[in-house]
Amino acid sequence: MSKKPYYITTPIYYPSGNPHIGHCYTTVACDSIARYRRMQGYDVMFLTGTDEHGQKIEQKAAEKGVTPKEYVDEIVAIFKNLWSYMNISYDRYIRTTDDYHIKTVQTIFKALYDKGYIYKGEYKGKYCTPCESFWTESQLDENGKCPECHRDVVEAKEEAYFFKMSPFADRIEKLLTETDYLQPKTRAVELVNNFIKPGLEDLCVSRTSFKWGIPVTFDEGHVVYVWIDALSNYISALGYENDAYNEFDKFWPADVHMVAKDIMRFHAIIWPAMLMALELPLPKHLAVHGWITFNGQKMSKSLGNVVDPLVLGERYGADSIRYHILREMALGADSSFSNEIMINRINSDLANDLGNLVSRTVAMVLKYFDGTLPEEKQSDPMDEELITMAKSLRSIVDECIDNTTLNIALAEIFKVISRANKYIDETAPWALAKDEANKPRLAAVLYNLLESIRISTSLLSAFMPTTMPKVWEQIGATAEDVSYENADKFGVLPQNITVHKGDIIFPRIDVNKEIEELNELIRAQAEKAQAEADKDGANLEPLADIIGIDDFFKADLRIAEVKSCEKIPKAKKLLKLIVNDGFGERQVVSGIAKWYAPEDLIGKKIILVANLSPAKLCGVESNGMIVAASVGEDARVIFVDKDIPNGSRLS
Ligand code: MSP
């Protein structure tokens, strides 16, 4: 009988910087699902890759003095190395610079043009000349300037192609609200209210201001908008409109596209619209997860945690990292990351619960039976609860995989592991061992423990593929014993099973010592990064024109204390602060919400530009400006010593 096809995809990543722990989540989650589906007997196609076009890549390559292709090649190698280290079992890796993908995108663009869904028009917006970028009103910084370089923007227009999305609005609304396309479905409301109800706007799908993209075949100078290029990867990778592969009919429509919330809109609205326009079937599910965050902010490298998955993996093992991120993230919510939470989780779940269960059980079989259990066993009604739990685990995990609730799957597996640990306390094998007459009972207890380990680790192996085979070696289980088919049966291991002593699978970590070492690592990394940045000043803004001291003193810079701070609901980039400038309190609005949570600022002393004329930012009055340094794309507020009195002037 031929196997049922199953197609799962991650987003394709921008190779614009090294991957961090946040990038690992989707890939590890999809890998776990792909592995589970393979165990279930599906013919799986698991796709991942890189999204290599666009202005940002072009700029970064230019900064480094290399071609865009050279630039992405280097980072793609880093991504691939990471995936291999994390034991990611992708079946295909797509690069949007691959020829076959380019052919597909060009064919799709032309087909949409021929069908009348793509038309030529004029793009109007705010243009930043130095950055050669168009911005919409809402993308501008808090001063109405370019969000990248913070210089003035001008009204400008350019010829561009547009994709008509309105014909699909009703069908998309139904897809989101009446089908189980979106997981979790609760997200449909924000999509419908924010994008569909106000009227689906036509999407600008070509650019002429930069070159690093897929050329529009019938109009020189235009390149295809990077999202049309990127989304098409899901079908070009199967051979849609190209000769590289021939698996479109077999695998399309996809079973699951998994993405994080920031790119949900593209997958929930634009991608279905493209497929509808091409008259292709729609994917079955779009699973949307939250972000791995630090203090409620999306991850960025500068926030005082080690986030390089390779560094973490080397210290704790790839499976521990996989386990931690999968266990922490609930579908539909963000999950907060810290090195400390991770280490505690590894200690409690992996070293204590699972590791101890395996090592205690194996040690007892070795100690009381020289490693081989006798055939003769004596069961007891008290065994039933553990046996029933273990036998029903597979169907619970199946359901979690169907619903993409991987954290729940892991929690359920660890319930059985905890129950088995409790069973050891209840049955007290060390007491049974004291009397030879109890040996059949003792053998039954140890057998039940080995069976519980077999079932839980066979299901766990989809999530932690590297370490589970080591457990199986210790409990003497064969590949057949730990198959999916056997995961809902109790009594699979031979009655006279032989166990083997092995290494500790998850060594306990000394939390304090480890955190100290990680902090040292962070300091060293920051120093290295700083030294590199200082070396040639290449990434720095050019120095401004010379001014006289009188000009400098026109700016009245004062020390002020942040008394309170809150987010502004309708302006995601802004924080509203009340500061004491020594004369009294005043309200200041600052565009630093991306990097700071209110609690990071309250009680701190900062530098205030105190004599700026008042301005309204998103309708909220601001009297002054908080001084911050631009570090790459990040802003860092300058905090000053608490002892400096409020109102002191900088001179
Ligand atoms: N290239 C686009 C995707 C195109 S798919 C047709 C893109 N790339 S990305 O590299 O910026 O992000 C890829 C995925 O990683 C996104 O789903 C993004 O949200 C996710 N993550 C990046 N940082 C993350 C966290 N800190 N936490 C969780 N996911 C994170 O968007």
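Determine whether segment 361-383 contains at least one residue that is buried (at least 17 other Cβ atoms within 10 Å of the Cβ) and within 35 Å of the chain's Cα centre (by Cα).
No, segment 361-383 contains no residue that is buried (at least 17 other Cβ atoms within 10 Å of the Cβ) and within 35 Å of the chain's Cα centre (by Cα).
I need the full set of residues from segment 1-15 which are within 9 Å of the ligand (Cβ to nearest atom) and open to solvent by less than 30 Å² (accessible area, probe 1.4 Å), in order please.
Narrowing segment 1-15 to residues within 9 Å of the ligand (Cβ to nearest atom): 9-15.
Selection gives T9, T10, P11, I12, Y13, P15.
What pairs can you find where one residue is in segment 104-119 and open to solvent by less than 10 Å² (accessible area, probe 1.4 Å), the other is among the charged types (D, E, K, R), and their Cβ atoms are less than 7 Å apart, with a gap of 6+ or different chains?
Sorted first by the residue in segment 104-119, then by its partner, the pairs are T104/E241; V105/D229; I108/E241.
When you scan segment 633-651, how many residues do you find that are in a loop (DSSP other than H, G, I, E, B) and either charged (D, E, K, R) or within 20 Å of A597 (Cβ to Cβ) (or both)? First the steps, then the outcome.
Kept after step one, since they are in a loop (DSSP other than H, G, I, E, B), are these residues of segment 633-651: 633, 638, 641-648, 650-651.
After this cut, where a residue has to be either charged (D, E, K, R) or within 20 Å of A597 (Cβ to Cβ) (or both) as well, the list is 633, 638, 641-643.
Summing the residues that are in a loop (DSSP other than H, G, I, E, B) and either charged (D, E, K, R) or within 20 Å of A597 (Cβ to Cβ) (or both) in segment 633-651 gives 5.
Is there a residue being in a helix (DSSP H, G or I), of a type in the set (K, R) and open to solvent by less than 60 Å² (accessible area, probe 1.4 Å) anywhere in segment 464-476?
No, segment 464-476 contains no residue that is in a helix (DSSP H, G or I), of a type in the set (K, R) and open to solvent by less than 60 Å² (accessible area, probe 1.4 Å).
List the number of the failed condition for K145; all other conditions in (1) without any contact (Cβ under 8 Å) to a residue 40 or more places away in the chain; (2) within 16 Å of the ligand (Cβ to nearest atom) hold.
It is condition (2) that K145 fails.
Quick one: K197 ticks every box in (1) over 24 Å from the mean Cα position of the chain (by Cα); (2) basic (K, R); (3) within 30 Å of D634 (Cβ to Cβ) bar one, so which box is it?
Condition not satisfied by K197: (3).
Which members of segment 178-210 meet the condition of being of a type in the set (D, E, K, R) and surrounded by fewer than 17 Cβ atoms within 10 Å (Cβ to Cβ)? Give the steps one after another, and end with the answer.
Start the filter on segment 178-210 by keeping residues that are of a type in the set (D, E, K, R), which leaves 178, 180, 185, 187, 190, 197, 201-202, 207.
If the condition is that a residue be of a type in the set (D, E, K, R) and surrounded by fewer than 17 Cβ atoms within 10 Å (Cβ to Cβ), then E178, D180, K185, E190, K197, E201, D202 are the ones that fit.
Every residue, every condition in (1) of a type in the set (G, A, S); (2) modelled with pLDDT of 90 or more, yes or no:
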{"residue": "C565", "(1), (2)": "no, yes"}
{"residue": "L575", "(1), (2)": "no, yes"}
{"residue": "D600", "(1), (2)": "no, no"}
{"residue": "A610", "(1), (2)": "yes, yes"}
{"residue": "D634", "(1), (2)": "no, no"}
{"residue": "D643", "(1), (2)": "no, yes"}
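List the number of the failed condition for E247; all other conditions in (1) out of contact with any Leu (no Cβ under 7 Å at 6 or more places or on another chain); (2) of a type in the set (D, E, K, R); (3) open to solvent by 10 Å² or more (accessible area, probe 1.4 Å) hold.
(1)
Please find, among D600, D551, the residue that is open to solvent by 30 Å² or more (accessible area, probe 1.4 Å) and either in contact with a helix residue (DSSP H, G or I) (Cβ under 8 Å, 6 or more places away or on another chain) or closer than 16 Å to F639 by Cβ (or both).
Working: D551 fails: either in contact with a helix residue (DSSP H, G or I) (Cβ under 8 Å, 6 or more places away or on another chain) or closer than 16 Å to F639 by Cβ (or both).
Matching residue, one of D600, D551: D600.
Quick one: would you say D255 is in contact with a His (Cβ under 7 Å, 6 or more places away or on another chain), away from the ligand (no atom under 16 Å from the Cβ) and modelled with pLDDT of 95 or more?
yes
Taking segment 496-534, which residues are open to solvent by 70 Å² or more (accessible area, probe 1.4 Å) and part of a loop (DSSP other than H, G, I, E, B)?
Correct list: N496, H500, K501, D503, I504, P507, R508, D510.
List the helices (runs of 4 or more DSSP H) that sit entirely inside segment 311-403 and contain at least 2 residues that are hydrophobic (A, V, I, L, M, F, W, C) and closer than 22 Å to Q495 by Cα.
Numbers: elements: 318-328, 339-345, 356-369, 384-402.
In segment 311-403, 356-369, 384-402 are the helices (runs of 4 or more DSSP H) which contain 2 or more residues that are hydrophobic (A, V, I, L, M, F, W, C) and closer than 22 Å to Q495 by Cα.
Note down all Cβ pairs under 9 Å where the first residue falls in segment 7-34 and is in contact (Cβ under 8 Å) with a residue 40 or more places away in the chain and farther than 25 Å from W252 by Cα, the second is acidic (D, E) and near the ligand (Cβ under 8 Å from one of its atoms), and they're at least six residues apart or on different chains.
Here the result reads P15/D51, each pair linking segment 7-34 to a residue that is acidic (D, E) and near the ligand (Cβ under 8 Å from one of its atoms).
Among the listed residues I21, I57, which satisfies the condition of being under 30 Å from T208 (Cβ atoms) and either within 11 Å of the ligand (Cβ to nearest atom) or among the charged types (D, E, K, R) (or both)?
I57
Taking the condition assigned to a helix (DSSP H, G or I), more than 19 Å from the chain's Cα centre (by Cα) and more than 26 Å from V216 (Cβ to Cβ), does E74 pass?
For E74, the condition - assigned to a helix (DSSP H, G or I), more than 19 Å from the chain's Cα centre (by Cα) and more than 26 Å from V216 (Cβ to Cβ) - is met.
Say whether the condition of being of a type in the set (S, T, Y), crowded, with 19+ Cβ neighbours inside 10 Å and modelled with pLDDT under 95 is met by at least one residue in segment 128-143.
Yes.
Within segment 44-65, work out how many residues are of a type outside the set (S, T, N, Q), at pLDDT below 95 and open to solvent by less than 60 Å² (accessible area, probe 1.4 Å).
Qualifying residue count, segment 44-65: 5.
From I453, I408, which residue is out of contact with any Phe, Trp or Tyr (no Cβ under 7 Å at 6 or more places or on another chain), in a helix (DSSP H, G or I) and within 19 Å of F490 (Cα to Cα)? Break it down into steps so the answer makes sense when it comes.
Working: I408 fails: within 19 Å of F490 (Cα to Cα).
None of the other options fit; the residue is I453.
Can you tell me which condition K567 does not meet? The list is (1) out of contact with any helix residue (DSSP H, G or I) (no Cβ under 8 Å at 6 or more places or on another chain); (2) open to solvent by 70 Å² or more (accessible area, probe 1.4 Å); (3) in a strand (DSSP E or B), and all the others hold.
(1)
Within segment 276-295, how many residues turn out to be more than 12 Å from the ligand (Cβ to nearest atom) and modelled with pLDDT under 95?
Total satisfying the criteria: 1.
Quick one: which helices (runs of 4 or more DSSP H) sit completely within segment 201-291 and have at least 2 residues that are hydroxyl-bearing (S, T, Y)? Spell out how you get there, then give the answer.
Values: elements: 226-231, 233-236, 248-251, 271-277.
Fully inside segment 201-291 and qualifying: 233-236.
On the basis of being crowded, with 22+ Cβ neighbours inside 10 Å, more than 23 Å from K284 (Cα to Cα) and within 16 Å of the ligand (Cβ to nearest atom), does H101 make the cut?
no
Filter segment 384-410 for residues that are among the small types (G, A, S) and either over 23 Å from V482 (Cβ atoms) or open to solvent by 30 Å² or more (accessible area, probe 1.4 Å) (or both) and give the result.
Scanning segment 384-410 gives S392, S395.
What single numbered condition from (1) under 29 Å from H324 (Cα atoms); (2) in contact (Cβ under 8 Å) with a residue 24 or more places away in the chain; (3) basic (K, R) fails to hold for K422?
If we test K422 against (1) under 29 Å from H324 (Cα atoms); (2) in contact (Cβ under 8 Å) with a residue 24 or more places away in the chain; (3) basic (K, R), just (2) comes out false.
The values are calculated or read from the model by the stated rules, or taken from the named source; none is laboratory data. It should be emphasised that the depicted structure is a prediction, and the values quoted were computed from it without experimental measurement. Cβ sites come from the backbone with ideal geometry, for glycine too, and all protein chains shown count toward neighbours. Accessible surface areas use protein heavy atoms only, side chains included; no ligands, DNA or RNA. Shrake-Rupley method; radii C 1.70, N 1.55, O 1.52, S 1.80 Å.
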